[in-house]
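So the structure is just underneath, and the comments pick up after that.
The values are calculated or read from the model by the stated rules, or taken from the named source; none is laboratory data. All of these numbers come straight from a predicted model, not from anything done at the bench. Please note: Cβ atoms are built from the backbone with ideal geometry, for glycine as well, and neighbour counts cover all protein chains shown.
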Amino acid sequence: MTHDLRTGSTSTLLTLDEAAAYLRTPAATLRYWRHLGVGPDGFRLGRRVVYRREDLARWVAERQDADLSRRDVGRPSRRPTG
């Protein structure tokens, strides 16, 4: 666990392999997403790339919201009749 001096909160840092396991994706995919700039927020800590567990959860929720929004675009609105 680490303490964020900016916010005063405590968070858990995960290594690349731990973050990949959390997301249930290969570590190579997570590296590629980082290269493209489309993956969850991560940062270098020395030579390592680490991820905050909260950032991973937020990223997953954002992807879910985007997917739901995309699916709803093509659907007719459900207005009450009458």
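Some points to look at:
- Within the range 59-74, considering residues that are surrounded by 10 or more Cβ atoms within 10 Å (Cβ to Cβ), of a type in the set (Asp, Glu) and over 13 Å from Asp41 (Cβ atoms), the one modelled with the lowest pLDDT: Asp67
- Cβ pairs under 7 Å, 6+ apart, first in the range 18-35 and exposed (fewer than 15 other Cβ atoms within 10 Å of the Cβ), second assigned to a helix (DSSP H, G or I) and aromatic (Phe, Trp, Tyr): none
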